[in-house]
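First the structure, in the form of structure tokens, and then the observations on it.
FYI, it's all coordinate maths here, none of it is from the lab. Everything numeric in this text was worked out from a predicted model, so none of it was measured.
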Amino acid sequence: METFGNDIHKIIHGDALDALKSLPDSSVDLIFADPPYNIGKNFNGHIEKWKTEEAYLDWCYQWLDLCIQKLKPRGSFYVMTATQFMPYFDIFLRKKLDILSRVVWSYDSSGVQAKKYFGSMYEPILFCVKDKNNYTFNANDILVEAKTGAKRKLIDYRKAVPSVYSSEKVPGNVWDFPRVRYRMDEYENHPTQKPIALLERIIKASSNEGDLVLDPFSGTFTTCFVAKKLNRNSIGIELQDEYIKIGLRRLQLADEYKGEKLHRDVRTFETEKTANINQTTLFEPNGTYIHG
Ligand SMILES: C[S@@+](CC[C@H](N)C(=O)[O-])C[C@H]1O[C@@H](n2cnc3c(N)ncnc32)[C@H](O)[C@@H]1O
């Protein structure tokens, strides 16, 4: 296990179970866990498929328990997995945490166009807390347009003094964010990169500036990248060398890795000149993500 970075942003290169065990108990404000889904994805030559579903779930139950152990008493835990495994996570976690929302991340197109069944166009996310009476939820930081009332300027006559409907609301549990595509600025070379906008909503809602955000399966380090932009501290854990390099570069923690200069892969439509786009341009000066 090797560690990079500093006390504010740390990258741990190693196995999630070992790395999680090395962290102090009750030390993390927010955990976002996006593990391998046991569906045969290729993570840089490593095919993530367990011998049996039971073996996958046994492994998951171990790191789920460790995540709970590392969360502060007021902490929040967001966890993803494939639709077919989420019911097991739900039953396991609801005995140990309060599940406040069962979120559906809905997107516009799947990689494979199903013709003989209904293609999967969403991924589930559980939002859990340790103490449902005492947890961070910054509703005002994640408001979205309340389309119906605001657009049509309807009056709410049920109020003592009739007034126009609010133009903003806390999002419901169906979240529409496009998947990360090859031509998007934020794209990195990873099969299951999560969008900046998705992590922005989670981190803004469930943590405050200076809080510690942990991602045990960091991949392209989207969680830590967004945490940094929003002035949170972060710890990212990842097994694969290739993805550690992405993390070091995205978090600006190193210029090179084992003697290799770190730079974004040049995509087929890019010239050398535009390849090293400064990713801070995705944010307003106050840290708000500019939606494209
Ligand atoms: C679903 S991806 C995470 C993607 C990430 N959320 C992002 O936005 O890029 C899961 C990641 O877990 C890593 N991984 C798989 N097994 C691991 C383990 N035992 N410990 C740490 N990381 C692991 C894989 O290499 C992969 O990058």
In a Gaussian network model of the chain with springs linking alpha carbons closer than 10 Å, the residue among Glu270, Glu123, Glu242 that fluctuates most is Glu270
quick shape note, the stretch 193-232: Cα extents on principal axes in Å, largest first -> 24, 18, 15
Counting only DSSP beta bridges with both partners in the chain, the antiparallel fraction in percent, to the nearest 5, comes to 60
Any aspartates and glutamates whose Cα falls less than 17 Å from that of Lys95, other than same-chain ones fewer than 8 residues away, would be Asp58, Asp65, Asp131
Sorted by chain and number, the residues with a modelled amide H under 5 Å from that of Lys10, at a separation of 5 or more or across chains, are Ser234, Ile235, Gly236
Rounded to the nearest whole number, the per residue volume of the convex hull around the C-alpha atoms of the stretch 126-213 in Å³ is 172
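When only Cα pairs under 8 Å and 6 or more residues apart are kept, what is the percent relative contact order across the chain?
Numbers: 519 pairs, mean separation 60.5, N = 292.
Relative contact order for the chain comes out at 21 percent.
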Here the stretch 84-95 yields Karplus 3J(HN,Hα) values (6.51, -1.76, 1.60; θ = phi - 60°; whole Hz; Gly and Pro given as x) of 6, 9, 4, x, 5, 4, 4, 5, 5, 6, 5, 7
Here the stretch 141-147 yields Karplus 3J(HN,Hα) values (6.51, -1.76, 1.60; θ = phi - 60°; whole Hz; Gly and Pro given as x) of 8, 10, 4, 10, 5, 8, 4
In whole percent, the Cα-Cα distances of the chain spread across 5 Å bins from 0 upward as 1, 5, 11, 15, 18, 17, 14, 9, 5, 3, 2, 1, 0, 0
A chain fully extended from Ser26 to Ala55 at 0.36 nm per residue, minus the present Cα-Cα distance, gains in nm 7.7 nm
The ³J(HN,Hα) series, computed from each phi in the stretch 244-257 with the Karplus coefficients 6.51, -1.76 and 1.60 at θ = phi - 60°, rounded to the nearest Hz and given as x for glycine or proline, is 4, 4, 4, x, 4, 6, 5, 8, 6, 9, 7, 9, 9, 9
Listed by chain and number, the residues whose amide H is under 5 Å from that of Phe217, excluding neighbours fewer than 5 places away on the same chain and using placed H, are Asp34, Ile237
GNM of the chain, Cα pairs under 10 angstrom: of Val28, Val266, Val180, the biggest fluctuation goes to Val266
Computed from every Cα-Cα pair in the stretch 1-130, P(r) in 5 Å bins starting at 0 and rounded to whole percents is 2, 9, 17, 20, 20, 16, 10, 4, 2, 1, 0
In nanometres, the difference between 0.36 nm per residue of separation and the alpha-carbon distance of Asn133 and Tyr182 is 13.4 nm
